[in-house]
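Chemist: This structure is in structure tokens; I'll ask about it shortly.
The values are calculated or read from the model by the stated rules, or taken from the named source; none is laboratory data. Here the structure is a predicted model, which means the values were calculated and not measured. Every residue, glycine among them, receives a Cβ derived from its backbone with ideal geometry; neighbour counts consider all protein chains shown.
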Amino acid sequence: MARPELSPSLPEKEGVAASALYYLRLYYLLLRAQARSQAVYRVSFALDALGSAFITLAEFAAFVLVLPRFGSLSGWTLGEVSLLYGLAELAFVLMDLAFGGFDAPNLSQHVRSGSFNTFLLRPAPLRLQIFGSDFALRRVTRVVLAAGILAYGVMASGVIWTPEAALLLAGSVLGMVAFFGGLSVIGGTLTFWTVESVEAMNVLTYGGRTLISYPMDIYGQFLRKTFTYLIPAAFLSYFPVLHVLGRPLPDGLPMLAAYLSPLVGPLMLAAAFAFWRVGVRHYGGTGT
Amino acid sequence: MITVHNLRKTFRVRQGGLLRGSSVIMEAVKDVSFSVARGEIVGYLGPNGAGKSTTIKVLTGLLVPDSGEVEVGGLVPWKDRRTHVARLGAVFGQRTTLWWDLPVHESLELLRHIYRVPEPRFRQNLRDFTELLELGPFLNTPARALSLGQRMRADLAAALLHDPELLFLDEPTVGLDVVAKERIREFIRHINATREVTVLLTTHDLGEVERLARRVMIIDHGSLLYDGALASLQARYGSARELVVDFEAAPPDPQVPGLELLGANGTCVRYGFTGAAAAPIARVTAHAPVRDITVKEPEIEATIRRIYEGGLLRDGVA
């Protein structure tokens with residue numbers, strides 16, 4: 001039998017739309033494979049799903065119980081805090097779901113076990129494969145809870161449900177997913193050099209997430225300024241929420257600042273992926 | 001298919017803590033050159049840490065060398081990763097490329113999409129490999145539930161579904177029983193012969209190299225010690241043949257003129273000699289009454305060990 005004259009290499013000069021479609025399909029197939037793999041372990045899946053839902057519930061229950069005693073939190077009602085908290089939680093859980101492959105423990109495990117090389121030995125884009133290497137469906141319960149808290153927040157805070165408000169909040173979630181995804185990518189990239197720095201990164205990621213779950217004006221001047229101008233976290237959810245609640249932005253910032261979340265987040269993610277490429281190049285130098 | 005010229009790769013190895021420690025430059029591969037033609041099967045041997053896996057990592061595009069030129073099928077491996085790896089297949093012994101919890105055929109199906117193998121070609125290959133490797137009974141079994149031999153066979157199929165031109169095999173039969181080993185070797189010979197797949201085989205199992213490769217390359221301490229036919233390696237560097245003699249009674253003086261005494265244990269005495277066996281046998285039988293004689297050929301393993309230990313080839317590549 002003669003060797004088939006058939007090159008398995010990528011089709012040349014493929015249209016942008018065609019390759020985008022192919023990547024989407026491949027991403028879907030990889031995620032489906034992850035989902036199917038998890039379906040094998042039903043009991044552990046159910047326990048994980050319950051357990052992670054409990055985290056969200058416990059956290060939210062804490063201020064449902066505490067807040068009424070003070071009447072409000074720096075002038076924020078329970079409904080308003082729920083809006084802020086629900087947004088942050090929803091974005092964070094969605095990020096966790098989508099960026100799980102870049103999570104530092106996962107990635108460092110791949111690097112140590114050599115399965116990272118398996119990704120590099122396949123002709124699909126590396127990042128697509130990493131995105132497709134983890135999809136913790138058990139977090140879906142948290143997504144549902146977060147969406148519920150958000151919905152409660154929207155209703156209880158009396159947001160006037162205009163298309164503009166909906167867009168603003170959707171943009172806020174999108175921006176946060178990208179922003180925290182970026183932090184996760186940076187944390188994962190650091191594992192190409194050292195595992196020790198990952199804890200420091202976690203302080204940023206989890207700390208940042210907790211920080212923006214509450215109204216910024218409960219914090220001191222210093223923290224507030226830092227997370228507005230130095231690390232632009234306030235743009236992600238705090239400003240959009242102030243805007244939909246019809247309140248002015250602090251420091252006399254123009255209303256425009258409330259629309260910047262879908263810009264700030266992707267910028268962060270782009271910077272993170274630039275760092276990722278540096279990390280992958282470093283890996284190619286050391287192979288460890 | 002493969003051209004490697006003056007390949008060099010060093011690593012910085014940290015010693016001591018992150019802050020106080022110093023780093024040492026370790027030369028994993030220094031000045032290695034070789035080429036492999038299409039359709040060859042080459043055995044690549046060397047003890048652990050000799051530079052074997054560094055070479056393979058460079059050839060597969062996983063590592064960027066410090067200097068030297070490398071070309072695989074007309075491409076520089078680390079410069080055009082995706083095009084390069086689309087034409088490679090790799091089976092790294094202990095590690096599977098299959099999705100652990102998915103049935104084998106689903107993993108293969110995923111790889112079809114990743115490598116963009118046209119559907120008819122995929123069906124054809126899957127049919128061929130299922131027959132040759134007898135995958136049928138476990139195509140629906142998840143990878144985690146496979147025996148080692150089954151997993152190896154599934155991984156081989158996975159590595160070849162996209163018709164690669166070059167196949168890297170690292171310890172492909174380690175830990176398998178004789179029958180399973182032989183089946184996999186037969187398959188490797190078959191795809192090499194019928195599909196002209198070039199095979200680079202790294203292993204510690206010399207029997208494997210003997211069965212599959214006519215050519216071997218031996219690397220140690222980052223340098224190629226030998227590159228040539230397996231047969232001439234044995235002829236040139238093999239140790240002496242051995243004559244194992246069982247005497248009627250333990251000889252008072254086991255020493256036989258012209259033969260090297262290797263050891264004596266009661267009636268059983270071992271001698272070393274080179275060349276034909278007739279003359280030494282005549283000498284031994286003349287020396288004392290003999291019950292039995294066997295001739296033992298030098299093992300290639302002993303030859304290789306002698307090469308590593310004695311630096312037999314250090315002066316230059318044959």
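Chemist: Residues being modelled with pLDDT of 85 or more and touching a strand residue (DSSP E or B) at 6+ places or on another chain (Cβ under 8 Å): count how many of those fall in the range A:47-83.
Modeler: Qualifying residue count for the region: 1.
Chemist: Also, quick follow-up: Check B:HIS221 against each of (1) buried (at least 18 other Cβ atoms within 10 Å of the Cβ); (2) closer than 30 Å to B:GLU27 by Cβ; (3) out of contact with any Ser or Thr (no Cβ under 8 Å at 6 or more places or on another chain) and name the one condition it does not meet.
Modeler: (1)
Chemist: When you look at B:ARG236, is it outside any strand (DSSP E or B), touching a residue at least 60 places away in the same chain (Cβ under 8 Å) and of a type in the set (D, E, K, R), yes or no? Give the derivation first.
Modeler: Details: outside any strand (DSSP E or B): yes; touching a residue at least 60 places away in the same chain (Cβ under 8 Å): yes; of a type in the set (D, E, K, R): yes.
So B:ARG236 passes the test.
Chemist: Among B:ARG283, B:ARG211, B:ARG306, which is the only one that is at pLDDT below 85 and either in a helix (DSSP H, G or I) or within 30 Å of B:ALA50 (Cβ to Cβ) (or both)? Spell out how you get there, then give the answer.
Modeler: Working: B:ARG283 fails: at pLDDT below 85; B:ARG211 fails: at pLDDT below 85.
Result of the check over B:ARG283, B:ARG211, B:ARG306: B:ARG306.
Chemist: Then there is this: When only residues in the range B:126-155 that are more than 12 Å from chain A (Cβ to nearest Cβ) and among the small types (Gly, Ala, Ser) count, which is nearest to B:VAL104 (Cα to Cα)?
Modeler: Residue satisfying both the conditions and the ranking: B:ALA154.
Chemist: Only one residue in B:ARG95, B:ARG123 is within 14 Å of chain A (Cβ to nearest Cβ), without any contact (Cβ under 8 Å) to a residue 24 or more places away in the chain and not in a helix (DSSP H, G or I). Which one? Walk me through it before giving the result.
Modeler: Values: B:ARG123 fails: not in a helix (DSSP H, G or I).
Going through B:ARG95, B:ARG123 in turn, the sole match is B:ARG95.
Chemist: Answer with yes or no whether A:ALA234 is part of a helix (DSSP H, G or I), at pLDDT 85 or above, in contact with a Phe, Trp or Tyr (Cβ under 6 Å, 6 or more places away or on another chain) and not β-branched (Val, Ile, Thr). So that I can check it myself, show each step before the final result.
Modeler: Working: part of a helix (DSSP H, G or I): yes; at pLDDT 85 or above: yes; in contact with a Phe, Trp or Tyr (Cβ under 6 Å, 6 or more places away or on another chain): yes; not β-branched (Val, Ile, Thr): yes.
Yes, satisfied.
Chemist: Among the residues in the range A:258-278, are any under 24 Å from the mean Cα position of the chain (by Cα), in a loop (DSSP other than H, G, I, E, B) and β-branched (Val, Ile, Thr)?
Modeler: If we filter the range A:258-278 for residues that are under 24 Å from the mean Cα position of the chain (by Cα), which is where we start, we get A:258-278.
The next check asks that each one be in a loop (DSSP other than H, G, I, E, B); those that pass are A:260.
Retained after the next criterion (residues that are β-branched (Val, Ile, Thr)): none.
There is no residue in the range A:258-278 that is under 24 Å from the mean Cα position of the chain (by Cα), in a loop (DSSP other than H, G, I, E, B) and β-branched (Val, Ile, Thr).
Chemist: Still on this structure, I have one more. Out of the residues in the range B:49-86 meeting the condition of being surrounded by 20 or more Cβ atoms within 10 Å (Cβ to Cβ) and basic (Lys, Arg), tell me which one is modelled with the highest pLDDT.
Modeler: So, considering only residues that are surrounded by 20 or more Cβ atoms within 10 Å (Cβ to Cβ) and basic (Lys, Arg), the one modelled with the highest pLDDT is B:LYS57.
Chemist: On to the next question. Checking the structure you have, find out if any residue of the range B:32-44 is more than 9 Å from every other protein chain (Cβ to nearest Cβ), among the hydroxyl-bearing types (Ser, Thr, Tyr) and buried (at least 20 other Cβ atoms within 10 Å of the Cβ).
Modeler: yes
Chemist: I need a count of the residues in the range B:160-184 that are small (Gly, Ala, Ser) and buried (at least 23 other Cβ atoms within 10 Å of the Cβ). Spell out the reasoning first.
Modeler: Start the filter on the range B:160-184 by keeping residues that are small (Gly, Ala, Ser), which leaves B:175, B:180.
Add one more test, that the residue is buried (at least 23 other Cβ atoms within 10 Å of the Cβ), and what stays is none.
Number satisfying all stated conditions: 0.
Chemist: A further question follows. Filter the range B:185-194 down to the residues that are within 14 Å of chain A (Cβ to nearest Cβ) and aliphatic (A, V, I, L, M), then identify the one that is surrounded by the fewest Cβ atoms within 10 Å (Cβ to Cβ).
Modeler: Among them, the one singled out is B:ALA193.
Chemist: With away from chain A (no Cβ under 14 Å) and more than 21 Å from B:VAL36 (Cβ to Cβ) as the only criterion, which of B:ALA229, B:ALA240, B:ALA213 stands out? Steps first, answer last, please.
Modeler: Numbers: B:ALA229 fails: more than 21 Å from B:VAL36 (Cβ to Cβ); B:ALA213 fails: more than 21 Å from B:VAL36 (Cβ to Cβ).
Just a single option satisfies the conditions, and that option is B:ALA240.
Matching residues to (1) under 12 Å from B:GLY46 (Cβ atoms); (2) more than 13 Å from the chain's Cα centre (by Cα); (3) of a type in the set (A, V, I, L, M):
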| position | (1), (2), (3) |
| --- | --- |
| B:ASN192 | no, yes, no |
| B:THR203 | yes, no, no |
| B:GLU210 | no, no, no |
| B:ARG215 | no, no, no |
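Chemist: Next up: Would you confirm, using the coordinates I've provided, whether B:ALA90 is outside any loop (DSSP other than H, G, I, E, B) and among the small types (Gly, Ala, Ser)? Steps first, please.
Modeler: On the way: outside any loop (DSSP other than H, G, I, E, B): yes; among the small types (Gly, Ala, Ser): yes.
So B:ALA90 fits the description; yes.
Chemist: Got at least one residue in the range B:62-83 being within 25 Å of A:ARG36 (Cα to Cα), under 24 Å from the mean Cα position of the chain (by Cα) and either touching a residue at least 12 places away in the same chain (Cβ under 8 Å) or within 7 Å of chain A (Cβ to nearest Cβ) (or both)? Before you say what the answer is, go through the steps one by one.
Modeler: First, the residues of the range B:62-83 that are within 25 Å of A:ARG36 (Cα to Cα): none.
Looking for residues that are within 25 Å of A:ARG36 (Cα to Cα), under 24 Å from the mean Cα position of the chain (by Cα) and either touching a residue at least 12 places away in the same chain (Cβ under 8 Å) or within 7 Å of chain A (Cβ to nearest Cβ) (or both), one finds none in the range B:62-83, hence no.
Chemist: Take the range B:115-131 and flag every residue that is more than 16 Å from B:PRO164 (Cβ to Cβ) and surrounded by 14 or more Cβ atoms within 10 Å (Cβ to Cβ).
Modeler: If we filter the range B:115-131 for residues that are more than 16 Å from B:PRO164 (Cβ to Cβ), which is where we start, we get B:119-120, B:123, B:127, B:130-131.
B:THR130 - this is the single residue of the range B:115-131 that is more than 16 Å from B:PRO164 (Cβ to Cβ) and surrounded by 14 or more Cβ atoms within 10 Å (Cβ to Cβ).
Chemist: Are there any helices (runs of 4 or more DSSP H) wholly within the range A:83-166 with 2 or more residues that are away from chain B (no Cβ under 13 Å) and surrounded by 18 or more Cβ atoms within 10 Å (Cβ to Cβ), and if so which? Walk me through it before giving the result.
Modeler: Numbers: elements: A:104-113, A:115-120, A:126-131, A:140-156.
By residue number, A:104-113, A:126-131, A:140-156.
Chemist: Filter the range B:98-116 down to residues that are within 9 Å of chain A (Cβ to nearest Cβ) and among the charged types (D, E, K, R) and give me whichever is farthest from B:ALA37 (Cα to Cα).
Modeler: B:ASP101
Okay, residues lined up against (1) farther than 25 Å from A:LEU167 by Cα; (2) in contact with a Leu (Cβ under 9 Å, 6 or more places away or on another chain); (3) hydrophobic (A, V, I, L, M, F, W, C):
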site: A:THR228; (1), (2), (3): no, yes, no
site: A:PRO232; (1), (2), (3): no, yes, no
site: A:SER237; (1), (2), (3): no, yes, no
site: A:VAL241; (1), (2), (3): no, yes, yes
site: A:ARG247; (1), (2), (3): no, no, no
site: A:ALA257; (1), (2), (3): no, yes, yes
site: A:GLY265; (1), (2), (3): no, yes, no
site: A:VAL280; (1), (2), (3): yes, yes, yes
